Amino acid sequence: MNYSAPSYIDVGRDGEAISDARLSFIDAWPEEDPRLQPQRSRPAGPEDEKMVAECVHIRRLDWEAFQKKTADKPVHERVFDLINHRTIQFNSRSRFAESEIWKGRIQDAVEKGEPVSILLPVFCVIRNPVKRLQLTVPTTAEEVSLRHMANIAEMIRQIYPAGAVFHLITDSTFYGLPFGVTAVEALHYVELLRKMVEKIGCTDTIKLYDMAQILSGRFEEFQQSFEHWSARFHADPFADGLSPESYDVWLASMAASINTAKRQLDYDALRQQFSGSGAGEATDELQRRARAGLAEYRALKAAAADLKWEEQFFPNSVRATIHTKGIPVLGLRLYPEYKLRSNLLPYHGIGVVRFGPKYQLHYMTVEPEMFVCGRSEFTRITDENGYTLHYLEDRPA
C-alpha cells in the first residue's frame, strides 16, 4: 500500500528520557529501619497464581463492548483502536491517531497476513536497596508485565488471526555503564526473564533481544557517536536544549537508579541521601555519580538514536515506549496499572497486590520495597529460593 507518512519518528530523543523514579517522599520514610520489623511471610501457593492472573486483567476495558463498537471497521483500524485504547496507551491518543505511520504499518502487516510487530525497549537492572531489598531477579511485577503483553497480543489475535508479536529490547547490559551494574547481574536478569517467558508459555508472542548486542553490529558508528555525546553532556548538561527543571527531575531519578547497594549504607544514610534531607560528603558523592551517570545515560540514548536502530533492525514495527512523550508514539502501560495507580517500572520496586472492591479483582502496583516491608498489613510472598515475589495486602474484613 502507499500512504503519506514520515519515514522515521525520533522517539528516543523526545520528552522524558528516564522514568521519574525519585525517592524523595519524606512522609513515606519510617523513622526506624523497617527491615528490622517483624514481617509475615509465606511461600507462593495456588491462591497466589489466581491473584496474579487477576492482576493481568485490564479492569477498565470492556472487551465485549469494544468488539461491538469497532465491529464494522476494517481489521487494521480495529487493531489500531485497541492499542490506542486509554487502558493500553498512556501517551496522547489523539496525537497517535493523527499520525499515519503506525496505522499504515499495521495495515501493511494485515495485508501481508503477518503478525503486527510492536517494538519496546524495556527491562533494566536497578540496584537501589530502597527499591528492592534483594538482588534484582524477575518477580511478580515482571511476570504481570509479560503476561499483560501476551494478553494484548491475544486480544489482537481475536481481531486479526495472525496476531501480534512484542519485540522487547532489554537494556540491562546497555545501561550497565551509567547505572553501575555488572554485566554478570545484567545478563543473569535477562536470562531469568527468558526462562519466565518460557514458563508462562508466550514465546510465540514475546521475543527478547539485547540492545547492546543489536548495536554491536554498527560498533564503530555507535562508539563515535557515543563519545561525541558523552563529551558534550559532561561539559554541558543542557547541550541539547534540556530545561533546568527537567534536568533536576532526571538527576534525582538517576540518583535513585544507580547502584548504591555496593556502598552498603545503613538506613539513616539511605534516608538522608534519598529523602532530599541529606547533606555532607556521602550525599555529595552520590550527586557526582548521578551527574556523571546521567551524562553517560543520555549519551547512550543519543548515540542509539543517531543510528536510527529501530528502522534498521526492526523495520515496519510499531514503536512503543515506557516514557511520556510529546510525539505520536505508543506509550504502553507495561502492566495494567502503570501510569494509572502506579508510576514505577517493575524493576524500580516490588509488586504490591491489593484487592479492588469495585471490580472484585486483585490489582498490582509497583512501590519501593523499603516503604512496604515491615508493615503489619502486608504479607511477603516468596519463591522456592526465598526471593520476594510480591507483597500481599490484607483484605478488609
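The values are calculated or read from the model by the stated rules, or taken from the named source; none is laboratory data. Predicted, not measured: the structure shown is a model, and the values here were computed from it. As a convention, Cβ positions derive from the backbone with ideal geometry for all residues, glycine included, and neighbour counts pool all protein chains shown. Each accessible area value is taken on the protein alone, full model and side chains, heavy atoms only, with ligands, DNA and RNA left out. Shrake-Rupley method; radii C 1.70, N 1.55, O 1.52, S 1.80 Å.
General remarks:
- Residue in segment 37-47 that is more than 30 Å from E310 (Cα to Cα), in contact with a Cys (Cβ under 7 Å, 6 or more places away or on another chain) and either part of a loop (DSSP other than H, G, I, E, B) or open to solvent by less than 60 Å² (accessible area, probe 1.4 Å) (or both) present: yes
- Residue check, P315 of a type outside the set (G, A, S) and modelled with pLDDT under 95: yes
- Flag if H234 is open to solvent by 10 Å² or more (accessible area, probe 1.4 Å), touching a Lys or Arg at 6+ places or on another chain (Cβ under 9 Å) and within 19 Å of P346 (Cβ to Cβ): no
- Failed condition for V79, given (1) touching a helix residue (DSSP H, G or I) at 6+ places or on another chain (Cβ under 8 Å); (2) open to solvent by 10 Å² or more (accessible area, probe 1.4 Å); (3) not in a loop (DSSP other than H, G, I, E, B): (2)
- Test: Q273 is surrounded by fewer than 18 Cβ atoms within 10 Å (Cβ to Cβ), outside any loop (DSSP other than H, G, I, E, B) and not hydrophobic (A, V, I, L, M, F, W, C): no
- Residue in segment 129-151 that is nearest to V372 (Cα to Cα), counting only those that are in contact with a helix residue (DSSP H, G or I) (Cβ under 7 Å, 6 or more places away or on another chain) and of a type in the set (V, I, T): V130
- Scanning segment 54-76 for residues that are open to solvent by 30 Å² or more (accessible area, probe 1.4 Å), touching a residue at least 12 places away in the same chain (Cβ under 8 Å) and of a type in the set (A, V, I, L, M) turns up just one, V75.
- For first residues located in segment 354-376 and open to solvent by less than 20 Å² (accessible area, probe 1.4 Å), partners that are hydroxyl-bearing (S, T, Y) and part of a loop (DSSP other than H, G, I, E, B) and lie 6+ apart or on another chain with Cβ distances below 8 Å form the pairs M364/Y335; V366/Y335.
- Strands (runs of 3 or more DSSP E) wholly inside segment 301-397 containing at least 2 residues that are within 23 Å of K103 (Cα to Cα) and touching a Leu at 6+ places or on another chain (Cβ under 6 Å): 318-321
- Out of I206, I169, I200, sole residue that is over 11 Å from C124 (Cα atoms) and in contact with a strand residue (DSSP E or B) (Cβ under 6 Å, 6 or more places away or on another chain): I206
- For D240, the test of being of a type outside the set (G, A, S), open to solvent by 70 Å² or more (accessible area, probe 1.4 Å) and in contact (Cβ under 8 Å) with a residue 60 or more places away in the chain is passed.
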